[in-house]
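I have a structure I would like to understand better, so I am pasting it below and will then ask my questions one at a time.
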Amino acid sequence: MPSRLDDLNGAVFGRWTVIANAGANHNGNRLWRSRCSCHAATERVVRASKLRDGRSASCGCARAERSASAGTIDCTELRAL
Ligand SMILES: [Zn+2]
């Protein structure tokens with residue numbers, strides 16, 4: 001029975017939804033075209049290993065939001081002092 005573990009089509013990793021097989025890179029890593037769930041709906045080819053271990057969980061929007069909210073927390077803390 002063929003394993004479907006390597007078939008990530010339709011899988012969701014963080015904000016990425018895998019939409020198509022994009023082959024493999026020169027190292028033999030499987031690549032998947034994925035679409036981010038943010039309003040930009042960014043599409044990018046992402047390595048399977050990065051999706052699986054969470055190193056890539058969005059097009060970068062999640063990271064931008066985290067630093068923005070960290071700034072908000074800093075301001076709140078300053079006002080509290
Ligand atoms: Zn995004």
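The values are calculated or read from the model by the stated rules, or taken from the named source; none is laboratory data. Model, not experiment: these values are computed from the prediction. Positions of Cβ are generated from backbone atoms using ideal geometry, with glycine treated the same way; all protein chains shown enter the neighbour counts.
Residue by residue, here is whether (1) assigned to a helix (DSSP H, G or I); (2) closer than 14 Å to Val12 by Cβ; (3) not hydrophobic (A, V, I, L, M, F, W, C) holds:
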site	(1), (2), (3)
Arg35	no, yes, yes
Ala40	no, no, no
Leu51	yes, yes, no
Arg55	no, no, yes
Ser58	no, yes, yes
Ala62	yes, yes, no
Arg66	yes, no, yes
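For segment 16-64, which positions are touching a strand residue (DSSP E or B) at 6+ places or on another chain (Cβ under 8 Å), at positive phi and more than 10 Å from the ligand (Cβ to nearest atom)?
Within segment 16-64, Gly23, Gly54 meet the criteria.
So how many residues does segment 45-61 have that are among the charged types (D, E, K, R) and surrounded by fewer than 16 Cβ atoms within 10 Å (Cβ to Cβ)?
Matching residues across segment 45-61 total 3.
Ala22 is checked against (1) at pLDDT 95 or above; (2) of a type in the set (A, V, I, L, M); (3) in a loop (DSSP other than H, G, I, E, B) and fails just one. What number does that condition carry?
(3)
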